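**Student:** To start, I am sharing the structure in question, which I have written as structure tokens.
The values are calculated or read from the model by the stated rules, or taken from the named source; none is laboratory data. In this text, all values refer to a predicted model and were calculated from it rather than measured experimentally. Heads up, the Cβs are rebuilt from the backbone with ideal geometry, glycines too, and the neighbour counts pull from every protein chain shown. Please note that ligands, DNA and RNA were not included when accessible areas were found on the heavy atoms of the full protein model with its side chains. Shrake-Rupley method; radii C 1.70, N 1.55, O 1.52, S 1.80 Å.
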Amino acid sequence: MTEPDRTPPPLPRDQPIYDAHRLIGPDGTALIVLDEKTYTLRITRAGKMILTK
């Protein structure tokens, strides 16, 4: 039996790519607006992203 391919899929070239660390401000959060609703994006100490309404 062979091991499964763990190579990540190629990134789409027709979509914008953003570095989350560059979006986050000095307080560790970024505000994102979608259809007049504001969401908060933050990066946890464990390096996970959390998006909350």
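**Student:** Which percent of the accessible area of the chain is formed by carbon and sulfur heavy atoms (probe 1.4 angstrom)?
**Tutor:** Roughly 54 percent, rounded to a whole number.
**Student:** So, one more: Once every DSSP H run of n ≥ 4 in the chain is given -39500 (n - 2.57) and the sum is divided by its residues, what mean residue ellipticity at 222 nm do you get, rounded to the nearest 500 deg cm²/dmol?
**Tutor:** That calculation yields -1000 deg cm²/dmol at 222 nm.
**Student:** I need the phi-derived Karplus couplings for the stretch 22-38: 6.51 cos²θ - 1.76 cosθ + 1.60, θ = phi - 60°, integer Hz, Gly and Pro marked x.
**Tutor:** Listing the rounded values in order: 7, 6, 6, x, x, 8, x, 9, 9, 9, 10, 10, 9, 6, 6, 10, 9 Hz.
**Student:** Given a Förster distance of 25 angstrom, what is the FRET efficiency for ILE43 paired with ILE17, based on the Cβ-Cβ distance and rounded to 0.05?
**Tutor:** It comes to 0.90.
**Student:** Follow-up question, since we're still on this one. With θ set to phi - 60° and the Karplus curve 6.51 cos²θ - 1.76 cosθ + 1.60, what are the ³J(HN,Hα) couplings of the stretch 41-50 in order, to the nearest whole Hz, using x for Gly and Pro?
**Tutor:** 9, 9, 10, 6, 4, 7, x, 9, 9, 10
**Student:** Let me ask you something else. When the gyration tensor of the chain is built from Cα positions, what are the square roots of 5 times its three eigenvalues, in whole Å, from largest to smallest?
**Tutor:** 29, 16, 11
**Student:** Continuing with the same structure: On average, how much accessible surface per residue is there in the chain, in Å², for a 1.4 Å probe, leaving out ligands, DNA and RNA?
**Tutor:** It amounts to 104 Å² per residue over the chain.
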